[in-house]
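Take a look at the structure below.
The values are calculated or read from the model by the stated rules, or taken from the named source; none is laboratory data. Since we're looking at a predicted model, the values are computed, not measured. Cβ: placed from backbone, ideal geometry, glycine included. Neighbour counts: every protein chain shown. With ligands, DNA and RNA removed, areas are computed over all heavy atoms of the protein, side chains included. Shrake-Rupley method; radii C 1.70, N 1.55, O 1.52, S 1.80 Å.
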Amino acid sequence: MKTHHNKTELLRSAPIPQALLAMGLPTMAGMMVNAFYNLADAYFVGGLGERQMGAISVVYPLGQVIIGLGLLFGNGAASYISRLLGAENREKAEQAASTALYGSLCAGAGFILLSICFLKPVLLLLGATESILPFALTYARIYIASCMFSVFNVTMNNIAASEGAAARAMWALMAGAGLNIILDPIFIYALGFSVTGAAMATALAQMVSTGIYLDFILRKKSLFLFRPQNCRFSQEMLAEILKIGVPTLVFQILTSLSISLINTQAKVYSDSVIAGMGVVTRLMAIGSLSVFGFIKGFQPIAGYCFGARNHTRLKAAIKTSIVWSTIFCVLLGLALSLFSEAIVSQFTQGDPLMIQMSAASLRVNGLSFMFFGFYTVYSCLLLALGKGAAGLLLGACRQGLCLIPVILLLPKLWGLPGILYAQPLADAASFIIALFMAARLHRELRDLDTAMPL
């Protein structure tokens, strides 16, 4: 009980820098390691050749959609849980947690089954060429089935963070990621399993993370018991979860769609271009997932403060999060831009086209990444405050509303450079939209302060 009380006190009254570090750094570290093990897959598979590298690049967006089902319930419930804990409604928070966990497992199982039944046409739709398809099918059959564990892990990651157990979320992610990095070279090269080995390593890693979360639940370290009888698939409960979860799922779907469109545009040129864009996607994911992980720690603080009507503390958390995330984005963006060619050359056996075009893309993506911290703070903040429509709009900008028209039009006008520079142009447009929406949100908070009785 004392541990549970300490978690609540962290959200309620700890100094903002201390609360953000305690909540954000563990999740950030876990997601950074998670991004690194996706990158490790690309590094070790890249040594097999461009077709194998292209295969995991094509499968990647399908996996992101499945993970989005975990975010649909997990992130949607996390915002609601934080606000309920802020309002001291522990019973309803437990119902939300249970509903989210079992709901995500049912949705994930159904989607995975459909994906496996129609795997070949799905992979062709995602941009697989005839030379890439056999490797993509081999990899996807194991990887997509293992995403059942990913759905559970992503849901629990969000729920654990919402109740202040960010450290547990970090260790679960890090344990799985570390095992994946160790197993990749063993399965791919030492045992000669090729892309099958990469999929097996990922599956075993996800199972380990699941085991850690099950330990968290069964040993009653969580605030919640996750009893099936606590599930409430009522209109009210689903509305609260889905109004935040749906924007998150839409974001994942748009991310997958944009990657698929890039692959489709790239396959006009060669397998090397598909492989190269896959490398850039994973490299940029190190930064974006790290920032997103940190902001996941900020979200429960923001939701709790808003639920408790402590707007002064909320504004302090917003300001600190923007400053810290922007410093990180500027430093990482500069590093990726300055050393782009040296970095991407590690993921190929010396293919000059892949190195040239992926280095050019990484260079300009690194520069546009400097805006990512500000954009992510406000897109996640709107969801944390229960503003689902606004969160959906802003969250859909970077990978959807701004990127999709650009990636469809620009390659026709500019050729290959249009593919390479599509994301940075979308980043700049999304940042401008975020500025306007941030200004509107702060006006609303000032109006609420004025309306509150002294």
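Considering only the range 391-401, I want to know if a residue exists there that is assigned to a helix (DSSP H, G or I), without any contact (Cβ under 8 Å) to a residue 40 or more places away in the chain and crowded, with 20+ Cβ neighbours inside 10 Å.
yes
Test each condition in (1) within 17 Å of the chain's Cα centre (by Cα); (2) modelled with pLDDT of 90 or more for I159 and report the one that comes out false.
With respect to (1) within 17 Å of the chain's Cα centre (by Cα); (2) modelled with pLDDT of 90 or more, I159 is out only on (2).
Under 8 Å by Cβ, and 6 or more places apart or on different chains, what pairs join a residue from the range 109-129 that is within 20 Å of M148 (Cβ to Cβ) and in a helix (DSSP H, G or I) with one that is open to solvent by 40 Å² or more (accessible area, probe 1.4 Å) and among the small types (G, A, S)?
Once the first residue is within 20 Å of M148 (Cβ to Cβ) and in a helix (DSSP H, G or I) and sits in the range 109-129, its partners that are open to solvent by 40 Å² or more (accessible area, probe 1.4 Å) and among the small types (G, A, S) give I112/A145; I116/A145.
Just one of (1) under 15 Å from N38 (Cα atoms); (2) surrounded by fewer than 19 Cβ atoms within 10 Å (Cβ to Cβ) trips up M174, so point out which.
With respect to (1) under 15 Å from N38 (Cα atoms); (2) surrounded by fewer than 19 Cβ atoms within 10 Å (Cβ to Cβ), M174 is out only on (2).
Looking at I404, is it touching a residue at least 12 places away in the same chain (Cβ under 8 Å), surrounded by 12 or more Cβ atoms within 10 Å (Cβ to Cβ), of a type in the set (V, I, T) and within 19 Å of F369 (Cβ to Cβ)? Even if it seems obvious, please write down each step before you answer.
Details: touching a residue at least 12 places away in the same chain (Cβ under 8 Å): yes; surrounded by 12 or more Cβ atoms within 10 Å (Cβ to Cβ): yes; of a type in the set (V, I, T): yes; within 19 Å of F369 (Cβ to Cβ): no.
Against the criterion (touching a residue at least 12 places away in the same chain (Cβ under 8 Å), surrounded by 12 or more Cβ atoms within 10 Å (Cβ to Cβ), of a type in the set (V, I, T) and within 19 Å of F369 (Cβ to Cβ)), I404 does not qualify.
Looking at the range 84-108, which of its residues are farther than 20 Å from L72 by Cα, assigned to a helix (DSSP H, G or I) and free of Cβ contacts under 8 Å to residues at least 40 places away in the same chain?
Of everything in the range 84-108, just one residue is farther than 20 Å from L72 by Cα, assigned to a helix (DSSP H, G or I) and free of Cβ contacts under 8 Å to residues at least 40 places away in the same chain, namely E91.
Return yes when L409 is out of contact with any strand residue (DSSP E or B) (no Cβ under 8 Å at 6 or more places or on another chain) and either at positive phi or free of Cβ contacts under 8 Å to residues at least 24 places away in the same chain (or both) and no when it is not. Break it down into steps so the answer makes sense when it comes.
On the way: out of contact with any strand residue (DSSP E or B) (no Cβ under 8 Å at 6 or more places or on another chain): yes; either at positive phi or free of Cβ contacts under 8 Å to residues at least 24 places away in the same chain (or both): yes.
So L409 passes the test.
Condition first: open to solvent by less than 30 Å² (accessible area, probe 1.4 Å) and not hydrophobic (A, V, I, L, M, F, W, C). Now tell me which residues in the range 203-244 satisfy that. Steps first, answer last, please.
Filtering the range 203-244 down to residues open to solvent by less than 30 Å² (accessible area, probe 1.4 Å) leaves 203, 205-206, 209-210, 213, 216-217, 222-224, 226, 230-231, 237, 241, 244.
Residues satisfying the conditions are Q206, S209, T210, Y213, S222, N230.
Take the conditions among the hydroxyl-bearing types (S, T, Y) and under 24 Å from A96 (Cα atoms) and apply them to T210. Does it pass?
Yes, satisfied.
Name the residues in the range 177-199 that are open to solvent by 10 Å² or more (accessible area, probe 1.4 Å), of a type outside the set (S, T, Y) and part of a helix (DSSP H, G or I), would you?
Correct list: G178, L179, I181, I182, L183, P185, I186, F187, A190.
I'd like to check something: does the range 365-385 contain any residue that is under 22 Å from the mean Cα position of the chain (by Cα), touching a residue at least 24 places away in the same chain (Cβ under 8 Å) and not in a helix (DSSP H, G or I)?
Yes, there is a match, as at least one residue in the range 365-385 is under 22 Å from the mean Cα position of the chain (by Cα), touching a residue at least 24 places away in the same chain (Cβ under 8 Å) and not in a helix (DSSP H, G or I).
Do we have any residue at all in the range 138-159 that's open to solvent by 50 Å² or more (accessible area, probe 1.4 Å), in a helix (DSSP H, G or I), closer than 30 Å to I81 by Cβ and touching a residue at least 60 places away in the same chain (Cβ under 8 Å)?
For the range 138-159, residues open to solvent by 50 Å² or more (accessible area, probe 1.4 Å), in a helix (DSSP H, G or I), closer than 30 Å to I81 by Cβ and touching a residue at least 60 places away in the same chain (Cβ under 8 Å): present.
The rows are residues; the columns are (1) crowded, with 24+ Cβ neighbours inside 10 Å; (2) more than 13 Å from A160 (Cα to Cα).
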residue	(1), (2)
S79	yes, no
S104	yes, yes
G110	no, yes
L113	no, yes
I116	no, yes
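Got at least one residue in the range 280-303 being surrounded by 20 or more Cβ atoms within 10 Å (Cβ to Cβ), basic (K, R) and under 22 Å from L381 (Cβ atoms)?
Yes; the residues of the range 280-303 include at least one that is surrounded by 20 or more Cβ atoms within 10 Å (Cβ to Cβ), basic (K, R) and under 22 Å from L381 (Cβ atoms).
For the range 233-250, give me each residue that is among the charged types (D, E, K, R) and touching a helix residue (DSSP H, G or I) at 6+ places or on another chain (Cβ under 8 Å).
E240, K243
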